[in-house]
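Novice: Please see the structure below; I have some questions.
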Amino acid sequence: MKKRSWLLLILLGIVAIIGLSACGSANEGEESSDAGQEDTATEETEGTEESESGEEAAGNNQEVNLYTSRHYDTDEALYEKFTEETGIEVNIISGSADELIERLEREGENTEGDVFITADAGRLHRAKEAGILQQVESDVLSENIPEKYRDKDNQWFGLTKRARILVYDPERVDEEELSTYEDLAADKWEGRVLVRSSDNIYNQSLVASLISINGTEETKAWADGLVENMGRDPQGGDRDQAKGIAAGEGDVAIMNSYYLGQMLNSSEEEEVKVAESLEVFFPNQETTGTHVNVSGAGVVKNSTNQEAAVQFIEFLSSEDVQAEFSEANYEYPVNPNVEPSELLQSWGDFEEQDINLTRLGENNTEALMLMNEAGWK
């Protein structure tokens with residue numbers, strides 16, 4: 001009996017020891033599990049911090065993809081300056097205005113484009129109508145660029161100006177004979193006027209501005225008279241009109257001001273000689289003012305770098321950059337705080353047409369139709 005009792009006690013003791021061991025093992029397992037969760041959480045936190053740090057670094061490595069139809073060394077030097085000052089790279093995609101507009105339309109939401117730059121308010125309006133630009137709100141741009149040089153919906157902003165001037169041979173034309181664009185349709189100018197084709201956007205915008213000021217009927221009559229007074233069929237670019245005057249093919253030509261500046265500073269001796277033989281006249285100073293146009297920029301509708309894109313355009317409107325455009329490329333600054341280059345100032349001050357440049361695009365179709373009806377080749 002005693003033997004059985006001892007055996008029972010021994011068995012109970014063994015069971016108790018096993019139970020305690022099991023409990024101890026269970027507690028260690030839970031601790032390990034908790035420790036494992038803490039380790040995992042720590043790894044996840046470190047991973048998140050690395051991700052955020054990577055995104056921050058990527059943010060410091062921004063870029064602007066620029067679709068531009070301008071092709072001046074001055075522009076590229078200024079883009080490099082922007083990169084130096086901001087760290088934002090500027091990638092240049094070049095082409096004609098129409099090619100770039102069509103490309104941005106085709107690329108749609110998949111485009112890498114951020115900024116579109118081209119010459120002429122008519123082309124900028126075309127880009128807006130194609131739906132490839134977006135509205136931009138910027139106090140800097142509103143301050144640096146007067147309202148007349150930007151889209152009324154702030155989808156594009158003028159960056160440089162050029163005047164549509166008259167150049168003439170002073171040996172064959174007395175300055176007193178010159179007065180207005182409209183006067184070039186008068187009989188006294190028969191066979192004496194040179195101007196490029198109606199296909200040219202600069203001429204289309206000039207006519208569009210006259211439609212805005214004088215109305216369609218009066219502008220049509222003017223175009224009829226101008227065609228009658230052309231010294232030759234339209235050919236070549238603006239420089240070719242100046243060369244035609246020097247060659248005696250006409251006495252007065254319509255051209256953009258910056259082309260004459262480029263010719264005066266050309267590496268080609270013949271171009272310099274031609275430019276030096278001509279005088280500059282700003283038409284319509286006693287009436288409606290000389291026609292001006294712009295090169296301008298807009299932020300692409302589907303840009304993925306909108307903040308950098310706006311910063312880039314703001315940079316181009318700044319005083320130092322505006323002065324550089326004028327000095328190096330003979331364009332008038334749009335920023336009212338910047339004086340034109342010495343060469344431009346030597347031609348004198350002039351009054352401009354008092355119209356918002358959006359009208360140039362709005363009247364483009366009518367202008368082209370009117371020119372075709374007049375037989376302007």
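The values are calculated or read from the model by the stated rules, or taken from the named source; none is laboratory data. Just so it is clear, the model here is predicted, and its values are computed rather than measured. Counting neighbours? That spans all protein chains shown, and the Cβs are built from the backbone with ideal geometry, glycine included.
Novice: Taking Asn91 and the conditions (1) within 13 Å of the chain's Cα centre (by Cα); (2) assigned to a strand (DSSP E or B); (3) not hydrophobic (A, V, I, L, M, F, W, C), which numbered condition does it fall short on, given that it satisfies the others?
Specialist: Unmet condition: (1).
Novice: What are the residues in segment 359-376 that are surrounded by fewer than 20 Cβ atoms within 10 Å (Cβ to Cβ) and either within 28 Å of the chain's Cα centre (by Cα) or within 27 Å of Gly261 (Cα to Cα) (or both), if any?
Specialist: Once the filter is applied, which keeps residues that are surrounded by fewer than 20 Cβ atoms within 10 Å (Cβ to Cβ) and either within 28 Å of the chain's Cα centre (by Cα) or within 27 Å of Gly261 (Cα to Cα) (or both), segment 359-376 yields Glu362, Thr365, Glu366, Leu368, Met369.
Novice: To continue, here is another question. Among the listed residues Gly95, Gly113, Gly122, Gly131, which satisfies the condition of being of a type in the set (Gly, Ala, Ser), touching a residue at least 40 places away in the same chain (Cβ under 8 Å) and within 25 Å of Asn329 (Cα to Cα)?
Specialist: When all the criteria are applied, what remains is Gly122.
Novice: Among the numbered conditions (1) in contact (Cβ under 8 Å) with a residue 40 or more places away in the chain; (2) farther than 17 Å from Thr216 by Cβ; (3) not hydrophobic (A, V, I, L, M, F, W, C), tell me where Glu327 comes up short.
Specialist: (1)
Novice: Out of all the residues in segment 311-320, which are buried (at least 21 other Cβ atoms within 10 Å of the Cβ) and either of a type in the set (A, V, I, L, M, F, W, C) or in contact with a Gly (Cβ under 7 Å, 6 or more places away or on another chain) (or both)? Let's see the steps before the verdict.
Specialist: Residues of segment 311-320 that are buried (at least 21 other Cβ atoms within 10 Å of the Cβ), as a first pass: 312-313, 316-317.
The answer is Phe312, Ile313, Leu316.
Novice: Give just the number: which of (1) surrounded by 19 or more Cβ atoms within 10 Å (Cβ to Cβ); (2) assigned by TED's automatic domain parsing to the domain that holds Glu324 does Leu184 not satisfy?
Specialist: (2)
Novice: Also, I was wondering about something else. Being free of Cβ contacts under 8 Å to residues at least 60 places away in the same chain and not aliphatic (A, V, I, L, M) is the filter here, so list the residues in segment 249-280 that pass it.
Specialist: Our first condition is that a residue be free of Cβ contacts under 8 Å to residues at least 60 places away in the same chain; within segment 249-280, this holds for 249-250, 259, 263, 266-276.
If the condition is that a residue be free of Cβ contacts under 8 Å to residues at least 60 places away in the same chain and not aliphatic (A, V, I, L, M), then Glu249, Gly250, Tyr259, Ser266, Ser267, Glu268, Glu269, Glu270, Glu271, Lys273, Glu276 are the ones that fit.
Novice: For the structure I just gave you, tell me whether Glu276 is closer than 12 Å to Asp169 by Cβ, modelled with pLDDT of 95 or more and surrounded by fewer than 17 Cβ atoms within 10 Å (Cβ to Cβ).
Specialist: Numbers: closer than 12 Å to Asp169 by Cβ: yes; modelled with pLDDT of 95 or more: yes; surrounded by fewer than 17 Cβ atoms within 10 Å (Cβ to Cβ): yes.
Here the answer is yes, as Glu276 does meet what is asked.
Novice: Being over 22 Å from Gly158 (Cα atoms) and among the charged types (D, E, K, R), is that true of even one residue in segment 287-303? Give the derivation first.
Specialist: Going through segment 287-303, the residues over 22 Å from Gly158 (Cα atoms) turn out to be 287.
This time we only want the ones that are among the charged types (D, E, K, R), so: none.
Looking through segment 287-303, none of the residues is over 22 Å from Gly158 (Cα atoms) and among the charged types (D, E, K, R).
Novice: Does any residue of segment 166-185 turn out to be closer than 22 Å to Ser326 by Cβ and touching a strand residue (DSSP E or B) at 6+ places or on another chain (Cβ under 9 Å)? Even if it seems obvious, please write down each step before you answer.
Specialist: Keep residues of segment 166-185 that are closer than 22 Å to Ser326 by Cβ, which gives 166-167.
If we keep only those that are touching a strand residue (DSSP E or B) at 6+ places or on another chain (Cβ under 9 Å) too, we end up with 166-167.
Checked against the condition, which is being closer than 22 Å to Ser326 by Cβ and touching a strand residue (DSSP E or B) at 6+ places or on another chain (Cβ under 9 Å), segment 166-185 yields at least one hit.
Novice: Being touching a Leu at 6+ places or on another chain (Cβ under 7 Å) and in the same structural domain as Ser69 (by TED's automatic domain parsing) narrows it down to one residue among Ala121, Ala97, Ala130; which is it? If you could, list the steps in order and put the result at the bottom.
Specialist: Values: Ala97 fails: touching a Leu at 6+ places or on another chain (Cβ under 7 Å); Ala130 fails: touching a Leu at 6+ places or on another chain (Cβ under 7 Å).
Testing whether each residue is touching a Leu at 6+ places or on another chain (Cβ under 7 Å) and in the same structural domain as Ser69 (by TED's automatic domain parsing) leaves just Ala121.
Novice: Could you please let me know if Ser341 is surrounded by fewer than 21 Cβ atoms within 10 Å (Cβ to Cβ), more than 30 Å from Asn65 (Cβ to Cβ), modelled with pLDDT of 95 or more and of a type in the set (Ser, Thr, Tyr)? Show your work before the answer.
Specialist: Values: surrounded by fewer than 21 Cβ atoms within 10 Å (Cβ to Cβ): yes; more than 30 Å from Asn65 (Cβ to Cβ): yes; modelled with pLDDT of 95 or more: yes; of a type in the set (Ser, Thr, Tyr): yes.
Taking the combined requirement at face value, the residue satisfies it.
Novice: Just checking, how many residues over segment 161-199 are of a type outside the set (A, V, I, L, M), on the phi < 0 side of the Ramachandran plot, assigned to a loop (DSSP other than H, G, I, E, B) and over 33 Å from the mean Cα position of the chain (by Cα)?
Specialist: If we filter segment 161-199 for residues that are of a type outside the set (A, V, I, L, M), which is where we start, we get 161-162, 164, 168-172, 174-177, 179-183, 187-192, 196-199.
Add one more test, that the residue is on the phi < 0 side of the Ramachandran plot, and what stays is 161-162, 164, 168-172, 174-177, 179-183, 187-190, 192, 196-199.
Narrowing further to those that are assigned to a loop (DSSP other than H, G, I, E, B): 169-172, 174, 179-181, 190, 192, 196-199.
From the residues that got through so far, the ones that are over 33 Å from the mean Cα position of the chain (by Cα) too are 169-172, 174, 179, 190, 192.
Residues in segment 161-199 being of a type outside the set (A, V, I, L, M), on the phi < 0 side of the Ramachandran plot, assigned to a loop (DSSP other than H, G, I, E, B) and over 33 Å from the mean Cα position of the chain (by Cα): 8 in total.
Novice: Run down Gly158, Gly131 and say which single residue is in a strand (DSSP E or B) and at pLDDT 95 or above.
Specialist: Values: Gly131 fails: in a strand (DSSP E or B).
After ruling out the rest, the residue left standing is Gly158.
Novice: Quick one: Arg103 ticks every box in (1) surrounded by fewer than 22 Cβ atoms within 10 Å (Cβ to Cβ); (2) within 19 Å of Ala308 (Cβ to Cβ) except a single one, so which number is it?
Specialist: Every listed condition holds for Arg103 apart from (2).
Novice: Evaluate segment 341-363: report whether one residue or more is in contact (Cβ under 8 Å) with a residue 24 or more places away in the chain and assigned to a strand (DSSP E or B).
Specialist: Checking segment 341-363: at least one residue is in contact (Cβ under 8 Å) with a residue 24 or more places away in the chain and assigned to a strand (DSSP E or B).
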